[in-house]
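**Student:** Here it is, the structure in full.
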Amino acid sequence: MKKIFMLAIALLLVCIISLPAFAAEEVSGGAPVGENSYSEAAPLLTDEDYQRREDAYNEILALSKKDQAILDVKMVHHSELILVAIADGHEKEYAQKFIKQYGSFVVVTNDIAAAESASPELGGLTTGGGPDNSFNNLWIWLVFGIILTGTTFLVLLRRRRCIAALQASNGTVIAQNTTISAKETISAVKKSETVPGDKVLDSILRKIDKNNE
Amino acid sequence: MTNNELRSRITALCTGDRTAFEEIYKNLSTPMYTIILRITQDQLLSEDILQEVFVKLYLSPPASAANPRAYLFQMARNLAIDGVRKRPQFIDLDDCENLVYLPVIDFSQKLDIDDALKTLSLMECQIVSLHVNGGFKFREIADILNAPLGTIIWKYHKAINRLRSHLSGGAI
């Protein structure tokens, strides 16, 4: 029983430890990073590049006042990106529009805060739009781990049979587990010796005395 | 009690030493009675046979026997087999050596090793009892039972596995 319980715990721990490797929070999947994507851009920007970004920011900011689909615009200075929050369902349309119009430094997202924190790598950002698949796989793996552990526990538990009693004739418990080893069997045979009654020796001595008479 | 110790006691017994006799009885009576009882399955008959063995031992000590221990157990075993043969039976007594005792199927009873031993054939029961309880080596058991050594070893392991299976409720 103890072995089954320890095995179940070990399986659960393996599932929990492996969760971070699978947990992912996607931010707006969709269009691939373009040819001139930020990840391929030169690390240093020229004055012209800064000016382009400034102009793009101002234009998108002005557009946001008229266009209700543009929820928010933010310039991320440490990565020189412009993050644009777009209403659900329009990410792809606006992403393609901004890429074509301004370049890949304009990033469409539906969560500016998360995009801003992930912006140094850009790998977590997309320049294209798409349906919002912000999805946390963590709970699925946890449920999977619990189900797997529980199933294993139940399967191993069912394999264990309960028997009425295993006891030698002298009261010694032979085994508390279902299966017993050869060593335990031999030990049980050894311990199950039957002692003859006391009268047997007396009877023998009487017969000997009778024979000697 | 080893053969050397038994031999010294028998030597003393030849002079009528009751103390030596009682020492022999004290050391050998339990394993011998266990083996006899497992063959006969009859307590009274087993006690009679045990008495007969020790009376013969006292009256005619086997001083010249090379293996006095095996000699005594062989005598006990032969008397037990004869006792079983003489008992009224409804089976062919020629097959007594291969007699299989059917287990008592009563789930209200506790399982114990004696019930498990009943599932063995008579030969297997003797081999297991002589080896485990009597402390005999397989070669000595082969001499006692007048059977090949290989057969004795094979039957012993088969019997132990059967006991394991029975005691494990069939899980093995």
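**Student:** Just checking, does the stretch B:74-85 include any residue being surrounded by 14 or more Cβ atoms within 10 Å (Cβ to Cβ), within 14 Å of chain A (Cβ to nearest Cβ), at pLDDT 90 or above and touching a Pro at 6+ places or on another chain (Cβ under 9 Å)?
**Tutor:** Within the stretch B:74-85, not a single residue is surrounded by 14 or more Cβ atoms within 10 Å (Cβ to Cβ), within 14 Å of chain A (Cβ to nearest Cβ), at pLDDT 90 or above and touching a Pro at 6+ places or on another chain (Cβ under 9 Å).
**Student:** Can you name the strands (runs of 3 or more DSSP E) wholly within the stretch A:43-152 that have at least 1 residues being closer than 30 Å to A:I17 by Cα, among the basic types (K, R) and at pLDDT 90 or above? Explain how you work it out, then say what you get.
**Tutor:** Numbers: elements: A:70-76, A:81-86, A:106-109.
Answer list for the stretch A:43-152: none.
**Student:** Another question, if that's okay. May I ask you to list the residues in the stretch A:179-196 that are within 7 Å of chain B (Cβ to nearest Cβ), in a helix (DSSP H, G or I) and closer than 15 Å to B:D114 by Cα? Before the answer, list the steps.
**Tutor:** So the first thing to find is which residues in the stretch A:179-196 are within 7 Å of chain B (Cβ to nearest Cβ), and the list is A:179-180, A:182, A:185-186, A:188-190, A:192-196.
With in a helix (DSSP H, G or I) added as a condition, the list becomes A:182, A:185-186, A:188-190.
A:T185, A:I186, A:A188, A:V189, A:K190 - these are the residues of the stretch A:179-196 that are within 7 Å of chain B (Cβ to nearest Cβ), in a helix (DSSP H, G or I) and closer than 15 Å to B:D114 by Cα.
**Student:** Here is a follow-up. Which members of the stretch B:54-70 meet the condition of being within 14 Å of the chain's Cα centre (by Cα) and either at the interface with chain A (Cβ under 9 Å from one of its Cβ atoms) or closer than 16 Å to B:L13 by Cα (or both)?
**Tutor:** Taking the stretch B:54-70 and keeping what is within 14 Å of the chain's Cα centre (by Cα), we get B:69-70.
Residue satisfying the conditions is B:R69 alone.
**Student:** So which residues in the stretch B:120-154 are assigned to a helix (DSSP H, G or I), among the small types (G, A, S) and more than 14 Å from every other protein chain (Cβ to nearest Cβ), if there are any at all?
**Tutor:** Here is the first cut: in the stretch B:120-154, the ones assigned to a helix (DSSP H, G or I) are B:122-133, B:138-145, B:149-154.
Filter once more, keeping what is among the small types (G, A, S): B:129, B:142, B:150.
Residues satisfying the conditions are B:A142, B:G150.
**Student:** Also, quick follow-up: For the stretch B:5-40, give me each residue that is within 23 Å of the chain's Cα centre (by Cα) and of a type in the set (A, V, I, L, M, F, W, C).
**Tutor:** B:L6, B:I10, B:A20, B:F21, B:I24, B:L28, B:M32, B:I35, B:I36, B:L37, B:I39
**Student:** List the number of the failed condition for B:Q51; all other conditions in (1) under 20 Å from A:K207 (Cα atoms); (2) more than 11 Å from every other protein chain (Cβ to nearest Cβ); (3) polar (S, T, N, Q) hold.
**Tutor:** (2)
**Student:** Show the residue pairs that are 6+ apart or on different chains and have beta-carbon atoms under 7 Å apart, the first residue being within the stretch B:105-122 and within 17 Å of A:T185 (Cα to Cα) and modelled with pLDDT of 85 or more, the second being buried (at least 18 other Cβ atoms within 10 Å of the Cβ) and among the hydroxyl-bearing types (S, T, Y).
**Tutor:** Matching pairs, first to second residue: none at all.
The values are calculated or read from the model by the stated rules, or taken from the named source; none is laboratory data. For clarity, every value in this text was computed on a predicted model and none was experimentally measured. Please note: Cβ atoms are built from the backbone with ideal geometry, for glycine as well, and neighbour counts cover all protein chains shown.
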